[in-house]
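The values are calculated or read from the model by the stated rules, or taken from the named source; none is laboratory data. As the structure is a computational prediction, the values presented were derived from the model and not from experiment. Note that each Cβ is placed from the backbone with ideal geometry, even for glycine, and that neighbours are counted across all protein chains shown. With ligands, DNA and RNA removed, areas are computed over all heavy atoms of the protein, side chains included. Shrake-Rupley method; radii C 1.70, N 1.55, O 1.52, S 1.80 Å.
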Amino acid sequence: MLQFELDMKGVLYSFTEVHAAPSRFPTPFVIGYVDLPDDLRLLAQAGVKYDELLIGQAVTFVPGRIGRSRGGDELYSYVFVPRE
Amino acid sequence: MAHVVEIAGAGMVSFGQFPERSVEDMGASAVLAALSDAELGRAEIREVFCGSSFSGSLVGQRILRELGMTGLPITNVENACSSGGTAVREAVAAIVSERVDTALVIGVDKLTRFGGGTIPLEETDLEAGQGMPMPALYAMRAQRYMNETGATLEHLARVVVKAHLNGIHNPNAQFRNPVSIDQVLASRPISKPLTLFMCCPTGDGAAALVLRRRRGKGRAVVIRASTLQSGFSHSGYRDLGWSELVNRTASLAYEEAALGPSSIDVAEVHDAFAIAELMYYEALGFCERGDGPRLFESGETLVTGRIPVNPGGGLLCRGHPVGATGVAQICESVWQLRGVAGPNQVQNPRTALTQVTGGGISGFDHGACTVHILGIE
């Protein structure tokens with residue numbers, strides 16, 4: 001497996017505020033598709049609130065807590081936030 | 001395909017929340033109803049196909065044991081929401097290949113076993129691992145679609161109102177109550193902008209069909225097309241506002257049946273979420289891309305319109321016990337073509353189309369889609 005460093009200049013393609021999900025992901029949370037350069041689209045939770053986001057917004061990724069694992073540990077992943 | 005396969009019988013149980021009914025019990029009731037409709041005895045069935053997504057191992061065998069129909073070739077089929085449709089396609093192929101003359105198809109699922117909440121997605125799936133439940137995918141489609149076509153939340157609400165008006169007259173529907181636009185918009189959010197009433201309910205149910213090699217020239221409902229496709233997997237920019245998979249599957253069905261969308265007199269469309277109905281109008285060719293809201297506003301998809309869609313209330317009101325839906329859509333289409341659909345009878349339909357589209361897995365439009373085209377001769 002090869003490793004690549006991704007260009008983190010993302011554009012928000014679509015998003016939603018989730019109110020019904022498996023219990024290890026406490027609701028509500030925002031999730032969305034972020035388009036990165038070179039034809040890559042990532043699904044990730046947001047690090048900001050629903051009302052702060054718009055389709056087409058410039059975003060980037062930071063680490064953030066997204067819920068719990070099946071075993072009950074804290075689960076961290078990349079979350080998207082607005083970028084200047 | 002020559003019109004080799006006829007639908008000799010159709011039967012289903014009401015869909016709803018039935019904690020006291022087992023998968024075996026519902027399946028057996030549906031089978032007996034279909035056999036009775038076909039005026040055939042159990043011994044006439046030579047092969048069975050059973051579509052189900054969440055009912056465990058050997059569903060067909062467990063159902064047929066209730067009826068003493070054991071020892072037959074039984075194929076259990078799983079393809080998410082397209083399980084029932086895929087089971088029908090397998091039965092059609094078995095008859096067309098002359099392996100068998102008369103086959104039974106069952107579709108069944110019991111979603112109340114999960115005790116409510118969203119359908120569980122595969123834990124190893126990358127997007128499920130980020131917390132994505134199924135309604136979120138449709139909600140994001142809705143956001144894009146509204147962004148691109150000018151469709152509004154009110155359009156979505158009116159789709160639900162139409163479904164409920166149709167569901168009132170469907171004795172097998174889970175919901176038979178009218179709702180207002182305000183009630184739809186005010187129901188609790190599931191995944192913004194989708195509210196509870198914009199989502200099909202969880203429930204239980206079963207449906208069955210008896211398929212037979214066409215013989216003689218008597219009046220019969222025949223299968224003109226039976227197509228199945230899977231979604232393409234993308235890691236990149238796929239178009240969420242357009243259902244490529246449904247369009248591809250439907251195009252193959254029209255080609256197989258040698259007719260176009262304008263020949264369809266009544267359609268059962270996979271309205272698991274209100275947004276899906278508008279998108280699938282376009283993907284099925286009932287209107288141009290982007291014109292879904294306009295087609296809806298024209299009234300042409302009402303029971304009295306040019307292309308009635310979901311005259312029995314669709315998934316939104318009939319319900320969506322996943323494996324049963326594809327088979328139930330065909331049952332309701334059979335009754336429409338025969339002219340026995342009751343108050344929601346479409347005037348003189350000759351050709352019907354049914355479409356189910358299933359599954360949420362990362363990077364796919366959806367996992368599977370089946371489209372059937374039926375005719376009456």
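Interface residues of the stretch B:101-137, defined as those losing at least 30 Å² of solvent-accessible heavy-atom surface relative to the isolated chain (probe radius 1.4 Å), are listed as B:T118, B:E123, B:E127, B:G129, B:Q130, B:G131, B:P133.
Roughly how compact is chain B, stated as its Cα Rg over 2.2 N^0.38 Å to two decimals?
Values: Rg = 19.0 Å, N = 377, 2.2 N^0.38 = 21.0 Å.
Compactness ratio reported: 0.91.
Considering only B:A283, B:H234, B:A328, the residue lying farthest towards the positive end of the dipole of the stretch B:204-347 is B:A328, judged by Cα position with unit charges set on Cβ.
This model, with +1 at the C-beta of Lys and Arg and -1 at the C-beta of Asp and Glu, gives the protein assembly as shown a dipole about its Cα centre of some 1000 debye. Across the options B:V159, B:V4, A:G72, the greatest Cα extent toward the positive end of the charge dipole of the protein assembly as shown (unit charges at beta carbon of Lys, Arg, Asp, Glu) belongs to B:V4.
Can you tell me the dipole magnitude for chain B around its Cα centre, using point charges on the Cβ only (Lys, Arg +1; Asp, Glu -1), in Debye to the nearest 20?
Working: 31 positive and 38 negative charges, 127 e Å.
Dipole size: approximately 600 debye.
Among the listed pairs B:K162/B:K192; B:K110/B:K162; A:K49/B:K162, those with a Cα-Cα distance over 31 Å are A:K49/B:K162.
Any chance you could give the angle, 0 to 90 degrees and rounded to 10, that helix B:322-338 forms with the longest Cα principal axis of chain B? With rounding to tens, the tilt is 70 degrees.
Counting only protein heavy atoms and using a 1.4 Å probe, the accessible area of A:L75 comes to about 40 Å².
Here's the picture: a label point sits 7 Å out from the Cα of A:M1 along the beta-carbon direction, and within the stretch B:112-146 the residues with their amide nitrogen under 19 Å of it are B:123-131.
I need the shape label for the stretch B:222-324. Rule: rounded when a/c is under 1.5, else prolate if a/b > b/c, else oblate, with a, b, c from the alpha carbon gyration tensor. Rounded. Against chain B, whose longest principal axis is taken from its Cα atoms, helix B:134-149 shows a tilt of about 60°.
Rounded to whole numbers, the Karplus 3J(HN,Hα) couplings from phi for the stretch B:79-96 are 8, 6, 5, 8, 4, x, x, 5, 4, 4, 4, 5, 5, 4, 4, 5, 6, 4 Hz, using 6.51 cos²θ - 1.76 cosθ + 1.60 with θ = phi - 60°, and x at Gly and Pro.
Summing charges over all other residues whose Cβ lies under 14 Å from the Cβ of A:G64, with Lys and Arg as +1 and Asp and Glu as -1, gives +2. Residues of the stretch B:232-247 losing 50 Å² or more of accessible area relative to the isolated chain, 1.4 Å probe, heavy atoms only? Residues meeting the cut-off: B:S235, B:Y237. Here B:I181 and A:K49 are evaluated by their C-beta separation; at R0 = 30 Å the FRET efficiency comes out at 0.65. The string of couplings for the stretch B:348-354 from the Karplus curve (6.51, -1.76, 1.60, θ = phi - 60°) is 6, x, 10, 9, 10, 10, 10 Hz, one whole number per residue in order, with x for Gly and Pro.
Suppose R0 equals 35 Å; then what is the FRET efficiency for B:F114 and B:V4 from their Cβ-Cβ distance, rounded to the nearest 0.05?
Details: r = 39 Å, r/R0 = 1.12.
E between B:F114 and B:V4, to the nearest 0.05, is 0.35.
For B:G203, the residues whose amide H sits under 5 Å from its own are B:L111, B:T112, B:H320, ignoring neighbours fewer than 5 places away on the same chain, with H placed 1.01 Å from N. Heavy-atom accessible area for B:C81, with the other protein chains in place and a 1.4 Å probe, reaches approximately 10 Å².
Once neighbouring chains are kept in place and the probe is 1.4 Å, which whole percent of the accessible area of the protein assembly as shown is contributed by carbon and sulfur?
Working: 9230 of 18020 Å².
Whole-percent figure for carbon plus sulfur exposure: 51.
Per the Debye formula with a single identical scatterer at each Cα and no solvent contribution, what log10 I(q)/I(0) holds for the protein assembly as shown at q = 0.10, 0.11, 0.12, 0.13 Å⁻¹? One equal scatterer on each Cα of the protein assembly as shown leads to -0.69, -0.83, -0.98, -1.13.
Calculated FRET efficiency, A:K9 and B:N348, Cβ-Cβ r, R0 45 Å, to nearest 0.05? Numbers along the way, then the final one.
Numbers: r = 58 Å, r/R0 = 1.28.
Efficiency computed from Cβ-Cβ geometry: 0.20.
Surface listing: B:R65, B:R214 arranged by accessible area from highest to lowest gives B:R65, B:R214, probe 1.4 Å. Once all protein chains are placed together, B:L315 keeps about 0 Å² accessible to a 1.4 angstrom probe.
Among the residues of the stretch A:3-17, those with an accessible-area drop of 20 Å² or more from chain alone to full protein complex, heavy atoms and 1.4 Å probe, are A:Y13, A:S14, A:F15, A:T16, A:E17. Counting only DSSP H runs of at least 4 residues, each contributing -39500 (n - 2.57), and dividing by the residue count of chain B, the helix-based mean residue ellipticity at 222 nm comes to -10500 deg cm²/dmol.
A:M8: net charge of surrounding residues, Cβ under 15 Å, Lys/Arg +1, Asp/Glu -1, itself excluded? Kindly include the intermediate steps, with their values, before the conclusion.
On the way: positive: A:K9, A:R41, A:R83; negative: A:E5, A:D7, A:D35, A:D38, A:E84.
After counting each charged neighbour, the total is -2.
Take the alpha carbon atoms of the stretch B:43-71, find their center, do the same for the stretch B:149-167, and report the distance between the two centers in whole angstrom. For the stretch B:43-71 versus the stretch B:149-167, the Cα centre distance is 38 Å.
Quote the charge dipole size of chain A about the Cα centre in Debye, to the nearest 20; the model charges only the Cβ of Lys and Arg (+1) and of Asp and Glu (-1). Kindly include the intermediate steps, with their values, before the conclusion.
Working: 8 positive and 11 negative charges, 76 e Å.
In total the dipole reaches around 360 debye.
With K and R counted +1 and D and E -1, the other residues having a Cβ less than 13 Å from that of B:A128 yield a net charge of -2.
Note that the protein assembly as shown presents 39 Å² accessible area per residue, ligands and nucleic acids not counted, probe 1.4 Å.
How big a patch of accessible area, both sides summed and in Å² to the nearest 100, lies buried between B and A at a 1.4 Å probe? Protein heavy atoms only, the B-A interface buries about 2500 Å².
Mean partner shielding of peptide A:42-48, defined as the number of other chain Cβ atoms within 10 Å of each residue Cβ, is 3. Ordered by 1.4 Å accessible area with all protein chains kept, B:D37, B:D109 run largest first as B:D37, B:D109.
Couplings 3J(HN,Hα) of the stretch A:71-84, computed from phi: x, x, 6, 4, 10, 10, 8, 8, 10, 9, 9, x, 10, 6 Hz, in residue order, whole Hz [Karplus 6.51 cos²θ - 1.76 cosθ + 1.60, θ = phi - 60°; x for Gly and Pro]. For the stretch B:320-341 versus the stretch A:1-43, the spacing of their alpha-carbon centroids is 38 Å.
Of the residues B:K192, B:K217, B:K162, the one with the largest accessible area comes first in the ranking B:K217, B:K192, B:K162, computed with a 1.4 Å probe on protein heavy atoms.
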